[in-house]
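Peer 1: This is the structure I have questions about; it appears just below.
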Amino acid sequence: MKKGVFIVLEGPDRSGKSTQAELLKSWLEKEHGRKVLLTREPGGTYLSEQIRKILLDPKSHIEPMTELFLYETARIKHTLERIIPALKAGKVIVSDRYTLSSTAYQGYGRGLDLKTVETLNRIATLDLKPDLTIVFDIPDKAFAQREKTRPGRDRIERASDAFRRRVNRAYKLLAKRPGVTRVDAGRSIEAIQDDIRARVARLLRKK
Ligand code: ADP
Ligand code: TYD
């Protein structure tokens, strides 16, 4: 049986992750004959999707530490119920967001202690690490254009510009970590997909 592979797409809101995730899934299925689990955080299981609704509801009042725990709770369930079984079954998992989101949004964005965030990340994942995390780096100009066509609506997207800037800056830093690679997400959908495929192909060769 083929070995399971865990790929995570990360980056600011509306940087194009879900568009690319769908394209990556069909390429992996058609060109590599792989079984693919396409999933997302917060979400991926019934319980985690329920938590997602609470987290994204603009009517929810959630303090930063409560927010962190809710994301981590959704993550434990997702990891246990979907990711680990899919890895054991030899699938390729493509997840729209994982632990780096908590580091960027709750750590750098909300200002929670980074060590606390990373400790909870480790607990919630049972120390499972993605094989590759791809950070979508979106230039401010391209982001402003997307904001015009589809303004943010959920609770996180409605947070202040300063919060969003902190998150964007954090991703630029986090993209330099081992196991993390950056793509320029300000280009055409096709150009970004080509880049992603090249990096994933390299990973599959190594596995
Ligand atoms: P995310 O999953 O990161 O929130 P989406 O894939 O939903 O991002 O894309 C956000 C919006 O930007 C959508 O309206 C999508 O059609 C559009 N979009 C995605 N990729 C690009 C791109 N490379 N150039 C321009 N617009 C894009
Ligand atoms: P989603 O609509 O999936 O993001 P996107 O707009 O990128 O498609 O919404 C998830 C939101 O939750 C997004 O604003 C990022 C945020 N988030 C955190 O703050 N911490 C986390 O750990 C995760 C997984 C997401």
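Peer 1: Given N residues in the chain, what is Rg(Cα) / (2.2 N^0.38 Å)?
Peer 2: Taking the Cα Rg and dividing by 2.2 N^0.38 Å, one obtains 0.98.
Peer 1: So, R0 is 22 Å and r is the distance between the beta-carbons of residue 69 and residue 146; what FRET efficiency does that work out to, to 0.05?
Peer 2: The calculated FRET efficiency here is 0.15.
Peer 1: While we're looking at this one, here's another question. Looking at this model, which pairs from 30/129; 88/141; 30/141; 25/148; 59/115; 35/59 are more than 32 angstrom apart at the alpha-carbon?
Peer 2: 88/141; 30/141; 35/59
Peer 1: In Å², and per residue, what accessible area does the chain have when probed at 1.4 Å with the other protein chains present?
Peer 2: 51 Å²
Peer 1: Then there is this: I need the calculated FRET efficiency for the pair residue 2 and residue 114, taking r as the beta carbon distance and R₀ as 45 Å, to the nearest 0.05.
Peer 2: In this case the efficiency is close to 0.80.
The values are calculated or read from the model by the stated rules, or taken from the named source; none is laboratory data. On a predicted model such as this, the values are computed, not experimentally measured, just so you know. In this analysis, Cβ positions are derived from the backbone assuming ideal geometry, glycine residues included, and neighbour counts consider all displayed protein chains. Protein only, heavy atoms only, side chains kept; ligands, DNA and RNA dropped before computing areas. Shrake-Rupley method; radii C 1.70, N 1.55, O 1.52, S 1.80 Å.
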